[in-house]
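> Sharing a structure with you now.
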Amino acid sequence: MQLTVRLPADTELALYRILQETLKNVEKHAHAHHVTVHLTKPGDFVQLTINDDGMGFNPDRRPAKRKGKGGFGLLGMRERATYVGGVLKVKSVRRSGTEIEIRIPLPPGVTAAN
């Protein structure tokens, strides 16, 4: 479906920054050959789904601390999603890739056309 109006500015920014961080992580860590990105509006929320065919990881494991390096990518992405009332889910399987899914509720009046 195609949105007929723009998303709220804070939602647009959150989705953009989450996508940006995800793609940076895929490039840096996943060793993926393919990445797919889908932005949809199923019902009263917007959903961003990013899939890669990389090496995967354990999303419950804290990243190794590297001197002067962050390790806050997923945490920051979750915080951005939460800030706009959304939820971020991570599904990852070793040697099979990763899926990041963000669902953010939309205010009344944001509609889609068929």
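> In whole Hz, what ³J(HN,Hα) sequence does segment 31-39 give by Karplus (6.51, -1.76, 1.60; θ = phi - 60°), x for Gly and Pro?
Karplus-based 3J(HN,Hα) across segment 31-39 equals 6, 7, 9, 9, 9, 10, 10, 10, 10 Hz.
> Each residue of segment 100-106 in turn: what ³J(HN,Hα) in whole Hz from Karplus with 6.51, -1.76, 1.60 and θ = phi - 60°, glycine and Pro shown as x?
For segment 100-106, the Karplus curve yields 10, 10, 10, 10, 10, x, 9 Hz.
> Between Gly97 and residues 5 or more places away or on another chain, which pairs have amide H atoms under 5 Å apart, with H built 1.01 Å from N, and which residues are they?
Excluding prolines and chain starts, which carry no amide H, the hits are Gly54, Gly56.
> Given 0.36 nm per residue, what is the gain on full extension from Leu39 to Glu99 after removing their alpha carbon distance, in nm? Mind showing how you got there, number by number?
Working: separation 60, 0.36 × 60 = 21.60 nm, distance 1.34 nm.
Between Leu39 and Glu99, full extension yields an extra 20.3 nm.
> State the label only: which of (i) 32; (ii) 38; (iii) 28 corresponds to percent of Cα pairs over 23 Å apart computed from the shown model?
Answer by label: (i).
> Quick one: which residues, 5 or more positions from Gly86 or on another chain, have an amide H under 5 Å from its amide H? H modelled 1.01 Å from N in the peptide plane, none for Pro or chain starts.
Under 5 Å from the amide H of Gly86 lies no amide H from a residue far enough along the sequence or on another chain.
> Further question on the same structure: Taking Cα pairs under 8 Å and at least six residues apart, what relative contact order does the chain come out at, in percent? Working shown, then result.
Details: 192 pairs, mean separation 40.8, N = 114.
In percent, rounded to a whole number, it is 36.
> Can you tell me which of Thr36, Thr82, Thr11 moves the most in a GNM of the chain? Springs connect C-alpha atoms under 10 Å apart.
Greatest mean-square fluctuation among the candidates belongs to Thr36.
No value in this document is a laboratory result; all are computed from the given coordinates. These numbers were taken from a predicted model, which means no experiment stands behind them.
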